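A short worksheet on the structure shown next.
The values are calculated or read from the model by the stated rules, or taken from the named source; none is laboratory data. Predicted model, so just to flag it, every value in this text is computed and none were measured. Cβ coordinates were reconstructed from backbone atoms using ideal geometry, including for glycine residues, and neighbour counts include every protein chain displayed.
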Amino acid sequence: MIEFYDELLYFIKKKTRNPDIAEDILHDTYTRIISLEEKKTIENKRAFLYKIAKNIIIDEVRKKSKKREIPYEENRMAFQCLQPEEITIEHNRMTILMKELKKLPAMRKEAFVLHVLEGYTRQEIADIMGISSHAVDKHISRASIELKKRLKEEDDS
C-alpha cells in the first residue's frame with residue numbers, strides 16, 4: 001500500500017489545499033485501512049485508500065462548516081404557530097421528500113444534500129466531489145426539478 005503514498009498525498013493536497021491537513025488526513029487514511037485490513041481482505045487497496053481519504057475530507061469539511069443553529073425558543077415558537085393538521089401535512093411531505101431523495105442518482109443526491117440540507121456552497125461541493133462547479137449546478141438543479149415533480153405528483157394523488 002505504501003506505493004500509493006505519494007499519489008494519494010497529492011490527491012489529498014489538491015482537495016484540501018493545505019499540506020498540513022493533507023498529511024493528517026493521509027495518516028488517518030492509512031490508520032483506518034490498516035485496522036480494517038486486520039478484519040477482512042481488501043481486494044483493491046488503491047481504490048479503497050482513495051475512498052477512505054475522500055470520506056475523511058468530507059468529514060473534515062463538515063466539521064468546519066458554519067451552520068446556523070436555531071435557538072430552542074425560535075424552534076418551539078415556529079411549531080406553536082402551526083395547527084396540528086399543518087404539522088401532519090408538513091411531516092408527510094418531508095417523509096415523501098426523503099423517500100424520493102433516496103431514489104436520485106448518487107452524484108445528484110450528494111450534491112443536493114450537501115447544498116440544500118447541509119448548507120455548503122457550490123464551490124465547496126465541487127471541491128468535495130472532485131467535479132466542476134458547473135456540474136454541481138446541473139446536479140442540484142436536476143435534483144430540484146425531479147423532487148418538485150415527484151412531490152407534485154404525490155400532492156395530486
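If you go through the stretch 19-50 and keep only what is assigned to a loop (DSSP other than H, G, I, E, B) and surrounded by 13 or more Cβ atoms within 10 Å (Cβ to Cβ), you end up with just Ile42. Lys67 fulfils the conditions (1) in a helix (DSSP H, G or I); (2) at pLDDT below 85 except for a single criterion, (1). The one condition from (1) over 23 Å from Ile125 (Cα atoms); (2) modelled with pLDDT of 75 or more; (3) surrounded by 10 or more Cβ atoms within 10 Å (Cβ to Cβ) that Lys99 does not meet is (1). Exactly one of these conditions fails for Ala143: (1) surrounded by fewer than 19 Cβ atoms within 10 Å (Cβ to Cβ); (2) more than 18 Å from Thr16 (Cβ to Cβ); (3) within 15 Å of the chain's Cα centre (by Cα). Give me its number. For Ala143, the exception is condition (1). For the stretch 72-94, the criterion of a residue being modelled with pLDDT of 70 or more, more than 25 Å from the chain's Cα centre (by Cα) and exposed (fewer than 11 other Cβ atoms within 10 Å of the Cβ) is satisfied by at least one position.
Screening Leu117 against (1) closer than 24 Å to Glu60 by Cα; (2) surrounded by 13 or more Cβ atoms within 10 Å (Cβ to Cβ) leaves a single unmet condition, (2). Here Glu37, Glu23 are screened, and the one residue that is over 30 Å from Arg142 (Cβ atoms), more than 14 Å from the chain's Cα centre (by Cα) and at pLDDT 85 or above is Glu23.
Note on the stretch 112-157: residues that are touching a residue at least 12 places away in the same chain (Cβ under 8 Å), of a type in the set (Lys, Arg) and touching a Lys or Arg at 6+ places or on another chain (Cβ under 9 Å) amount to 2. Could you please let me know if Lys138 is part of a helix (DSSP H, G or I), touching a Gly at 6+ places or on another chain (Cβ under 9 Å), modelled with pLDDT of 85 or more and surrounded by 14 or more Cβ atoms within 10 Å (Cβ to Cβ)? No: the conditions fail for Lys138.
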